[in-house]
Structure formats: structure tokens, C-alpha cells
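Have a look at the structure below, then the notes.
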Amino acid sequence: MSASTSRNVVTIGLSAAIVSMDAERPRVLVVHHDSSPDALPFGPFDPLGHRTLESGLRSWVKEQTYLDLGYAEQLYTFGDRGRHMVKLAEGPRVVSVGYLALTRVRTELKAPDTLWRDWYVYFPWEDWRAANPPIIDDAILPALTAFMKAASTSAECEVRRERVRVAFGFEGPAWDEEKVLERYELLYEAGLVEEAKRDGRPGAVPLVTPALGASMMFDHRRILATAIARLRGKMKYRPVIFELLPANFTLLELQRSVEAISGVRLHKQNFRRLVEDQGLVEGTGKSTRMARGRPAELFRFRREVLAERPSPGVRLGGRRFGT
């Protein structure tokens with residue numbers, strides 16, 4: 001194939017952000033090699049061998065991780081030039097179709113070079129469960145302030161200021177946990193993450209210290225940011241959080257899982273009142289022994305709620321920051 005022909009070739013890649021919960025930490029399954037950044041499970045779509053995009057994804061995930069996917073949904077199609085290769089002559093342009101998948105698997109992985117990693121390793125500014133993450137005030141906002149001041153016109157400076165204000169709650173607005181992708185894209189465009197430097201992004205600046213999260217291969221951190229935002233938003237109107245929980249769980253386990261995904265703390269009594277008012281769970285008549293204190297009642301998801309209400313999700317009313 002000639003160089004001119006290869007420049008016009010497009011291949012479809014399939015990538016999966018596979019999420020699970022373990023010990024109040026949201027985990028994402030990655031392919032890990034010491035010599036390169038972590039990657040989401042991915043592979044090319046084979047139009048002859050794969051009946052659909054999703055069947056192709058499930059095939060690649062099975063081959064790379066030995067897991068059979070349960071819940072999965074398509075996120076977005078990522079095709080920006082420079083996100084997957086730096087030079088046109090290096091190969092065909094890759095258009096990535098990203099998926100979000102949820103699993104209850106908590107056993108040790110059997111596939112080589114795969115591991116579960118806390119997704120806050122890649123996005124440390126997204127975890128507000130204890131307090132405002134120090135990395136925001138110590139590293140991100142000073143770097144973004146410099147990015148604003150570096151604008152070529154006052155109008156562009158104001159556009160950048162507004163983006164920082166909305167994305168990071170700069171100068172007053174409340175933190176919006178769903179704006180995960182907007183925050184990552186802003187850091188990328190400001191040249192503040194490793195991927196921007198690696199992709200040859202014009203205007204990329206020397207990276208700040210400490211590093212703004214672990215980098216990922218190709219555009220996989222962008223895909224993961226999209227998956228986190230989708231899950232944070234969707235669990236408010238669909239009961240997807242129960243795809244990550246065991247069949248029977250305590251209300252505290254449910255709350256801690258919601259908090260882990262959303263990245264914010266919730267008031268205990270307000271959360272329980274919301275869950276009960278929405279009819280999402282029902283008691284099993286059983287209890288689990290706690291290390292300390294009284295036994296905790298076990299609940300299960302009420303599947304009847306799917307027919308009773310159009311948007312049976314877990315609202316985040318009564319949120320609070322800090323412990």
C-alpha cells in the first residue's frame with residue numbers, strides 16, 4: 001500500500017471501559033505493561049468476523065481478559081486526528097468506538113497483563129469524598145490561570161476563564177461531578193496532561209508537578225473520562241448501580257458505592273430516605289453481622305420499579321463534601 005493510499009485508510013477500533021467496585025473503590029480493567037501506559041481492552045473491528053460492533057467488542061474483551069461481559073452500552077465514537085497516532089505515515093487513521101461495561105467480578109484476573117486499577121489514579125481531581133482534592137488548588141488552578149493569561153486576545157482569555165469556571169468550580173460555581181470529560185478536555189487543550197505532549201499538541205507546556213494523573217495509551221483516558229461521566233449521570237435516572245453490587249447488600253454498602261462512583265459524600269439519613277421513597281430496594285428479612293455494632297439488614301434491588309417508574313435512579317440529594 002502506498003503512503004498516499006494509507007493516508008486515506010480508516011480502521012474501526014473497539015475499546016471498553018469495564019468498571020467494577022471493590023472496597024469502596026471504583027475499578028477499571030486495564031491492560032498493563034511496564035514499558036507503556038495502561039490501556040483499556042481494545043482491538044480492531046473485523047467486518048467479516050464480527051456480526052456487530054458490540055459482538056466484536058465482546059470477542060476482544062474475552063480474548064484479552066477472559067471475561068464475559070454482562071451490561072454494556074456504547075458511549076461515543078472518537079475520531080480526532082492526533083489522538084491515536086502522531087504522524088500520518090505511521091498507519092491508518094483509527095476511529096475508536098468506546099463502550100462502558102459493568103461487572104460484579106471481584107476475583108483475581110486470570111488473563112496475563114491485566115489488572116484492576118482505581119479509576120482515580122487517572123483522575124485524582126475527581127474524588128471529593130474526603131475534601132476538595134489538594135491537586136486542584138496546588139497544581140491545576142495555577143496552571144489553568146497561566147493558560148488563561150496566555151490567551152492571544154482578551155475575548156479568548158474570557159472564553160478560557162468561563163471554561164475553567166464551569167469545569168472546576170472556579171470563582172464560585174458548585175462542583176458538577178458529571179463534567180468529567182469537560183475537565184479532562186480542558187487540561188488536554190491547555191497542554192497540561194501527558195497525552196497532549198505525546199500527541200504533539202500545539203502549545204503543550206512543560207508538565208506540572210505532581211503529574212495530573214497517570215496517562216493512558218492513545219485516547220483511552222478520554223474514553224474513560226466519558227465512561228465515568230456517563231455512569232455518574234445515568235445512575236441518577238437508571239438503576240445501573242445495582243449492576244455493580246451483589247444480589248444482597250446493606251444500605252451502607254449501597255451508599256458507599258454511589259459515593260465512590262459520584263466522587264462525593266452523601267448525608268446518610270437523607271440518602272436512605274431517598275432510596276426508600278423511590279422504592280428501589282426491599283428487605284430480604286436477613287441480616288449480616290458487622291465487626292462492630294448491631295447486625296445490618298440486607299436488601300435487594302426491586303426489579304418491579306422498572307415497570308412502575310420511567311426514571312428509577314439513585315438521586316444524589318443531600319450531598320456533602322468532607323467526612
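Criterion applied to 122, 99 was being modelled with pLDDT of 95 or more and either under 21 Å from the mean Cα position of the chain (by Cα) or under 21 Å from residue 13 (Cα atoms) (or both), and the one residue passing it is 122.
Looking only at residues in the range 257-290 that are touching a Pro at 6+ places or on another chain (Cβ under 7 Å), surrounded by 13 or more Cβ atoms within 10 Å (Cβ to Cβ) and part of a loop (DSSP other than H, G, I, E, B), the one that is modelled with the lowest pLDDT is 278.
In the range 142-149, is there at least one residue being closer than 24 Å to residue 15 by Cβ, at pLDDT below 95 and outside any strand (DSSP E or B)? No, the range 142-149 has no match at all. For beta carbons closer than 7 Å, sequence separation of 6+ or different chains, a first residue in the range 42-67 that is at pLDDT 85 or above and a second that is in a helix (DSSP H, G or I) and among the aromatic types (Phe, Trp, Tyr), the qualifying pairs are 42/60. When residues in the range 73-92 are screened for being surrounded by fewer than 19 Cβ atoms within 10 Å (Cβ to Cβ), on the phi < 0 side of the Ramachandran plot, modelled with pLDDT under 90 and of a type outside the set (Ser, Thr, Tyr), 10 of them pass. For residue 209, the conditions (1) buried (at least 16 other Cβ atoms within 10 Å of the Cβ); (2) modelled with pLDDT under 90; (3) hydroxyl-bearing (Ser, Thr, Tyr) all hold with the exception of (1). The single condition among (1) over 28 Å from the mean Cα position of the chain (by Cα); (2) closer than 27 Å to residue 29 by Cβ that residue 296 does not satisfy is (2). So residue 232 clears everything in (1) surrounded by 15 or more Cβ atoms within 10 Å (Cβ to Cβ); (2) in contact (Cβ under 8 Å) with a residue 12 or more places away in the chain; (3) of a type outside the set (A, V, I, L, M); (4) at positive phi except one condition, right? Which one? All conditions are met except number (4).
The values are calculated or read from the model by the stated rules, or taken from the named source; none is laboratory data. Note that the structure is a prediction, hence the values are computed from the model and not measured. Note that we place each Cβ from the backbone using ideal geometry, even for glycine, and neighbour counts take in every protein chain shown.
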